[in-house]
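Trainee: Just passing along the structure, written as structure tokens.
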Amino acid sequence: MKPVLWLTGAIALTWLSGWARALGWPLLPVDETRYLSVAWEMWLRGEVWVPHLNGAIYTDKPPLLFWLIHLGWAVGGVGDLWPRMLPVLAATGAVLLTARLARVLWPREAPAHAAVWILVTSGLWFLWSGLVMFDLVLTVFVLLGWNALVHPPRGQARWWWWALAVAGGVLTKGPVVLLFLLPPAALVRLWHPRASHADWHRRWLTATGVGLLPVLIWLMLAVRRAGWHYGLAVGFHQTAHRVVHSYAHRRPFWWYLPLLPLITMPWGLRLLLFCNAPWLRTAASDPGLRFLAAATLPAFVMLSAISGKQVHYLLPLFPALALALARHAHACESGWSRIWRWAWAGLFTFPLVAWLVGRWGPVPTIWLQWVSGLPAWSVVLPAALGTAMTMISRRHRNFRIETWACTAGVAMWIWTLGAGPSLKAHVQLDALAQEVRLLEQQGRPVAWMGHYQGQLHFLGRLERPLPVLGTEEVEEWIAAHPDGVVLVSLKHRPQADLPEGIRWFCVEPGGIALVPARSWGQIAPVVCPGLR
């Protein structure tokens, strides 16, 4: 098959999975609902420069993703389809930039089509390519910067690409983009020893400064509207706190290492093959692999050293990992061993086994509730595909890595389709948001008890902030608003039936109870011990 057809197939899989999630999945709390609520509140206020959430300034992220959402809303109106397509567009851009990077690093034996198929079928990448978050947009700018550095002939960079990558990356997710961009530029001697080093360093430092100019312009306009405290919060405190002493997601230095084989499945099965001596000697003499090492290893170490960690922070490294795996498969065709083939079958059969155990085994009730929403075909068909692939490969041992990846992509797409009904049953935020919207239109006051992260504002198109109450403030608020309603976010599902008039909406882990003020005395003993 021609390389262009493999590339087209990888992009088609990305779009098919994106549409499946846009049409079949709910918006997932807390991240997707929060970011869309920020975009909605900026849209409602007519605010361009300063993000807001629930009436307060939102300092966690810069505004580029929200600007992109507004761009689509300005054309087609407010809705969730355009924001859901943004990660699909970003994933498509990342696929194209990954393919280009492969062709530049290895022009004679470019593993571009293998690399993009490994990328789009890596577990974490496949999942995030349908979620409204910042990481795939950030990855596009990281790849743009890497492509700028190796623009042929290698070492003659396109510095305006680099400036755009710096500006877009910082406006997407802050200074973290520099962790991925600066090491390969500074370590040019490692992967391109013939470059004019004094001129090279002068140019990339100058281009970095040019790229930061749009960021400074936005920051000046934002500070003019929101004050210096906003500039300090978004430009320094938020990043510094995550680096030194994270207020959330604090994990030990080694936390990423045991997760790497899991989040890169099914390709995590091949990671151990990197450790053989012949391959390491090949890698040491390959300028392309040395470039990938300069781009990824320092970034991985720095991300591990940062206090706050989430698995999706590693997503910008996935294209480099896919390129290295593709190069490895090209150099070591003997890697398709019997162990690999049967591990592949076991991997795609495991969801079927888990589904059977969940249906008829002694499992917790919550597992049974999740499994019962999964149709049988969504676990049987991937198991059959994985097993058939293994059996066929026993006779045809020259299977290309793209063929294995295509099977994985089809299986993941089937899982995506099957997960929709179960997710909708367990994430009932949309129904709750419509109830709150109706209460708002009726003029009844509504408050949230617990930790509110914008779960309802976009889904219900709410136009007023929700007061957020602590446990000690509820009684006073109810006394002042006897016709009001309190939304109670629970850590655990209520063990007893709730009193009449109180409605409960399933939102894992504990759900949300809609409690009229007059009924608070009946439910307080039930829900207060489990409040977030």
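Trainee: Taking 0.36 nm per intervening residue step and subtracting the Cα-Cα distance, what contour gain separates LEU262 from ALA343 on full extension?
Mentor: 27.8 nm
Trainee: Could you list which residues have their amide H under 5 Å from that of HIS52, counting only those 5 or more apart in sequence or on another chain, with H placed in the peptide plane?
Mentor: MET42, TYR58
Trainee: Order 378-389, 133-144, 84-95 from most to least packed using the mean count of other Cβ atoms within 10 Å.
Mentor: Descending packing order for the listed peptides: 133-144, 84-95, 378-389.
Trainee: Given q = 0.11 Å⁻¹, what are the Debye log10 I(q)/I(0) values for the range 414-530, with equal point scatterers placed on the Cα positions and solvent ignored?
Mentor: At q = 0.11 Å⁻¹ the computed log10 ratios are -0.36.
Trainee: Please report, as a whole percent, how much of the solvent-accessible surface of the chain comes from carbon and sulfur atoms (probe radius 1.4 Å).
Mentor: 66 percent
Trainee: Return the distance in nm (one decimal) between the two label points of a simple spin-label model at ALA376 and LEU205, each offset 7 Å from Cα along Cα→Cβ.
Mentor: 6.8 nm
Trainee: Further question: For the range 1-159, what is the charge dipole size about the Cα centre, in debye to the nearest 20, if Lys and Arg each add +1 at the Cβ and Asp and Glu each add -1 at the Cβ?
Mentor: 640 debye
Trainee: Here's a follow-up. Ratio of the range 65-133's C-alpha Rg to 2.2 N^0.38 Å, to two decimals?
Mentor: 1.36
Trainee: Which sequence of THR349, THR390 reflects their accessible areas, 1.4 Å probe, from the largest down?
Mentor: THR349, THR390
Trainee: Then there's this: Quick one: grab the alpha carbon gyration tensor of the range 151-193, order the square roots of its eigenvalues as a ≥ b ≥ c, and give me rounded if a/c is under 1.5, else prolate or oblate depending on whether a/b is larger than b/c.
Mentor: Because a/c hits 1.5 or more and a/b fails to exceed b/c, the range 151-193 counts as oblate.
Trainee: Where does the range 451-516 land on Rg(C-alpha)/(2.2 N^0.38 Å)?
Mentor: 1.16
Trainee: Please give the calculated 222 nm ellipticity per residue for the chain, where each DSSP H segment of at least 4 residues contributes -39500 (n - 2.57) and the sum is spread over every residue; nearest 500 deg cm²/dmol?
Mentor: It lands at -19500 deg cm²/dmol.
Trainee: Moving on to the next point. Mind checking the full-extension length gain between MET391 and VAL30? Use 0.36 nm per residue of separation minus the Cα-Cα distance, one decimal, nm.
Mentor: Going from the current span to full extension adds 125.8 nm.
Trainee: For HIS151 and LEU221, FRET efficiency with R0 = 30 Å and r from the beta-carbon atoms, rounded to 0.05?
Mentor: It comes out at approximately 0.40.
Trainee: Computed from the coordinates I sent, percent of Cα pairs over 45 Å apart equals one of (i) 19; (ii) 24; (iii) 11. Tell me the label.
Mentor: Derived directly from the coordinates: (i).
Trainee: Next question. What ratio of Cα Rg to 2.2 N^0.38 Å holds for the range 146-231?
Mentor: 1.24
Trainee: Between 0 and 90 degrees, rounded to the nearest ten: what's the tilt of helix 318-331 against the longest Cα principal axis of the chain?
Mentor: Approximately 30 degrees, to the nearest ten.
Trainee: First measure r as the distance between the Cβ atoms of HIS481 and TRP19, then evaluate 1/(1 + (r/R0)^6) with R0 = 41 Å and state the FRET efficiency to the nearest 0.05.
Mentor: Approximately 0.40, to the nearest 0.05.
Trainee: How large is the direction-averaged shadow of the alpha-carbon convex hull of the range 1-89, in nm²?
Mentor: So the Cα hull casts an average projection of 7.1 nm².
Trainee: Something else: Could you size up the charge dipole of the chain around its Cα centre, putting +1 on the beta carbon of Lys and Arg and -1 on that of Asp and Glu, and report it in debye to the nearest 20?
Mentor: I would put it at about 2180 debye.
Trainee: What is the Rg over Rh value, at two decimals, for the range 91-223, using alpha-carbon atoms and the Kirkwood definition of Rh?
Mentor: Answer for the range 91-223: 1.00.
Trainee: Related question: Taking all protein chains together and a probe of 1.4 Å, list TRP360, TRP128, TRP370 from the most accessible to the least accessible.
Mentor: Listed by decreasing accessible area, they come as TRP360, TRP370, TRP128.
The values are calculated or read from the model by the stated rules, or taken from the named source; none is laboratory data. Because the structure is a prediction, the values reported are computed rather than measured. Using ideal geometry, Cβ is built from the backbone for each residue, glycine included, and neighbour counts are taken over all protein chains shown. Remember, those area values only see protein heavy atoms, side chains included, never the ligands or the DNA or RNA. Shrake-Rupley method; radii C 1.70, N 1.55, O 1.52, S 1.80 Å.
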